[in-house]
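What follows is a set of notes on a single structure, which appears directly below.
All of the numbers you see were taken from the coordinates with simple rules; none came from a lab. Just so it is clear, the structure is predicted and the values come from calculations on it, not from any experiment. Heads up, the Cβs are rebuilt from the backbone with ideal geometry, glycines too, and the neighbour counts pull from every protein chain shown.
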Amino acid sequence: MLVNDQTCLLLEALQRSANDALLIFDAGLICRFVNSAACALTGSSKEGMMDYPASSLFQPESFYAQLRPALEQALGGASARLKVMRQHADGRWLNYSTSIEPISDTSGRIDGVVVSAHDITEALQQAERARLAVLMFEHSTEGLMIIAADQRIRLINPAFTALTGFAAEDIVGQYPQTLTPNDAAGHRYTDIWHALDYSNSWQGDVVYRCRDGRLLATWQSVIRVTDQEGAVEHYLAVITDLTERQRYEEQMEKLVYYDLLTNLPNRSLLADRMTQAMARAERSGDPVGVVFVDLDRFKAINDTLGPNQGDQVLRAVAQRLLDLVPAGATVSRYGADQFVLLLPDLDTPEDLAPLCQQYLQALAKPHQVGTEALTVTASIGIAVYPYDDNAHESLTQRAETAMQAAKKAGRNAFRFFTQDMNQRSTELLLLDNMLRRALSEQQLLLYYQPQIDIRTRQIIGMEALMRWQHPDLGLVPPNRFIPVAEESGLIVPMGQWAVEEACRQNKAWQDAGLLFAPVAVNVSARQFAEQLQAVTANALASAGLAAEWLELEVTESTLMDDVEGAILTLNSLKQMGVRLSIDDFGTGYSSLGYLKRFPLDKLKVDRSFVIDILTDSDDAAIAAAIISLAKNLRLQVIAEGVETAEQLAFLADLGCEEMQGYLVAAPLPPDEVPGFIARWQAS
């Protein structure tokens with residue numbers, strides 16, 4: 001036998017207190033001995049390891065693949081040493097120094113191998129920690145100085161040399177206070193040593209004289225390191241150049257109080273300066289002007305030319321404003337394309353009118369950006385302290401409200417804040433809050449107005465029209481809440497809901513066998529610009545509705561605002577199979593050259609032309625032109641707002657194909673649509 005019973009007992013006694021795992025294999029690599037440490041490592045009993053081959057004990061297979069060449073080498077008579085990583089039975093991954101030795105009998109014949117594994121995990125970790133400590137010491141950006149227990153400098157790092165100019169050979173062995181410029185500074189170390197007698201650390205400022213003679217103000221931390229008995233082993237001094245900190249603090253102040261793109265004061269600094277200006281005005285009685293500047297259609301520049309060009313425009317605008325404002329004024333960047341001007345010490349509020357007119361004229365001059373000459377106009381709102389408010393936050397809000405009024409007036413204009421604006425702003429805010437609740441509490445409804453083929457009198461579609469069923473106000477008309485939704489941006493989630501609900505309702509009618517016709521949904525300008533394709537695709541998929549049964553109505557002004565972008569969006573929708581129409585056609589400024597590029601199915605004659613079509617020759621001429629244009633472009637045409645049989649007959653004579661209006665039916669809630677369909681078909 002390779003290992004007899006007596007030998008096993010001896011080996012067990014020798015290895016019982018050892019941490020090294022020990023295994024002995026015969027020439028066939030069958031395990032003939034294993035000690036307790038090996039059992040603990042593998043999580044197996046001796047019985048579970050003895051008489052098993054090495055291939056089953058050294059698992060996983062990849063681990064055995066590491067050991068196999070060394071085992072075969074040992075069976076050939078050569079020893080092997082290798083480092084391996086192995087997961088202990090307790091889950092830890094440990095590193096082992098493994099020795100594989102041949103075993104020979106008295107005749108020198110190799111009849112087995114012995115495998116021993118020594119855990120070197122902690123030693124490797126200690127070596128790594130020491131290596132990292134050296135790296136940290138050598139590569140730290142802080143100056144480091146190790147001072148011996150006798151208070152003499154023992155070691156410095158490269159950062160210390162970079163700070164002071166002193167190399168190790170210059171100062172090792174000296175007392176650190178000899179590097180200070182005078183006795184007064186040297187006494188600082190007397191305080192340091194005294195403090196460290198009672199505490200393990202100290203912090204404070206220390207001035208050093210550098211090798212080139214200049215003075216270096218530093219912030220220094222000193223740590224006392226002791227051994228297990230409490231005796232001082234050494235001190236570690238960490239030295240920070242305060243000039244760097246001051247530079248950093250200046251940079252931080254710039255980040256906190258200034259806009260990085262334009263280098264103008266930001267909102268925080270503007271608020272501080274407004275507070276100071278108001279305090280001075282309270283004493284002097286001079287009014288303070290707050291001018292809110294918002295660039296018109298700036299998003300189009302970013303979308304068309306890219307953000308880099310847009311940034312150049314913003315910097316150019318900032319410089320023009322800086323060049324124009326009077327001394328003592330502040331120009332701040334308030335938002336992406338918004339600026340706020342603080343104009344203190346005015347004689348009268350009326351002084352602001354010529355100034356703002358000057359700003360508008362200057363900003364409207366073309367900006368040369370690369371090879372492009374870009375014209376950017378602005379809308380300006382004005383509020384005055386103390387007449388409009390006496391708090392900087394609300395004063396800025398009032399100036400912004402006035403700016404919105406300037407935008408609604410046609411842009412490239414300025415407006416002074418008035419109390420009427422404040423009242424309307426308050427009303428809009430209340431209505432906006434109620435609308436948000438309406439969206440979350442499912443107060444919104446869709447009514448449906450039938451669309452009829454004039455010749456066959458068949459129902460050829462339904463237009464979905466949004467209604468708001470308020471619990472207290474009742475049914476709120478769309479002309480009251482749609483403009484608020486568009487201004488606040490709520491029109492986007494509301495529009496998404498409308499598309500989803502219209503698809504769901506149409507599929508329900510189809511499943512019930514009631515209606516097989518498209519449902520038309522109006523799309524707002526903001527919804528059209530914000531991922532309408534994805535919203536439409538998701539709505540159709542969720543409802544299980546074929547795309548041909550959905551029609552999207554877009555106003556011509558929406559399409560003309562960004563023609564190239566509109567063409568891309570419409571083509572994408574058309575490829576889905578969705579029907580497309582232009583709503584309110586004839587009320588905007590469509591170019592026929594662009595119109596033929598839009599992949600449309602239908603034009604809609606606006607009700608404003610239909611109302612007086614029998615008495616107003618201009619309206620009749622416009623309606624006739626739209627119908628003729630549609631036929632020439634091979635588009636369907638539908639007239640909305642038809643209320644009398646005479647209007648219908650006139651439109652039919654012009655060649656109009658489809659109509660909708662109160663002559664047939666008012667917009668109906670969904671539960672009344674089946675009854676209408678039944679009555680209409682019966683008649």
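Taking every DSSP helix (H) stretch of at least 4 residues in the chain, weighting each as -39,500 (n - 2.57) and dividing the sum by the residue count yields a mean residue ellipticity at 222 nm of -14000 deg cm²/dmol. Expressed to the nearest 5 percent, the antiparallel share of DSSP beta bridges inside the chain is 80 percent. For the pair residue 546 and residue 455, a Förster radius of 35 Å applied to the C-beta separation gives a FRET efficiency near 0.85, rounded to the nearest 0.05.
Let me know the volume per residue of the alpha-carbon convex hull for segment 514-665, in Å³.
114 Å³
Going through the cross-link list 254/365; 408/507; 46/83; 407/602; 365/574, which pairs have a Cα-Cα distance over 29 Å in this structure? Going by Cα-Cα distance, 254/365; 408/507; 407/602; 365/574 fall outside the 29 Å limit. Each part gets one Cα centre, and for segment 287-329 versus segment 99-121 those centres are 82 Å apart. In segment 277-348, the ratio of gyration radius to Kirkwood radius, Rg to Rh, stands at 1.11 when only Cα atoms are counted.
Between residue 172 and residue 576, the simple label model (points 7 Å from Cα in the Cβ direction) yields a spacing of 7.5 nm. For segment 580-676, the relative contact order works out to 24 percent when only alpha carbon pairs closer than 8 Å and six or more residues apart are counted. Taking packing as the residue-averaged number of other Cβ atoms within 10 angstrom, the listed peptides 161-169, 532-540, 226-234, 446-454 run from highest to lowest as 446-454, 532-540, 161-169, 226-234. Counting only Cα atoms, segment 43-104 measures 34, 26, 18 Å along its principal axes, largest extent leading.
Label segment 443-597 by shape, choosing from rounded, prolate and oblate, from the square roots a ≥ b ≥ c of the eigenvalues of the Cα gyration tensor; if a/c is under 1.5 it is rounded, and otherwise prolate applies when a/b is larger than b/c, oblate when it is not.
On the way: a/c = 1.42, a/b = 1.10, b/c = 1.29.
Rounded is the answer for segment 443-597, as its axis ratio a/c remains below 1.5.
Using only alpha-carbon positions in the chain, the gyration tensor eigenvalues give semi-axes of 78, 50, 22 Å once each is multiplied by 5 and square-rooted (largest first). Relative to the longest principal axis of the Cα atoms of the chain, helix 563-576 runs at roughly 80 degrees.
Compared with the dominant principal axis of the Cα atoms in the chain, helix 61-75 is inclined by about 20°. Between the helical axis of 5-15 and the longest alpha-carbon principal axis of the chain there is an angle of about 70 degrees.
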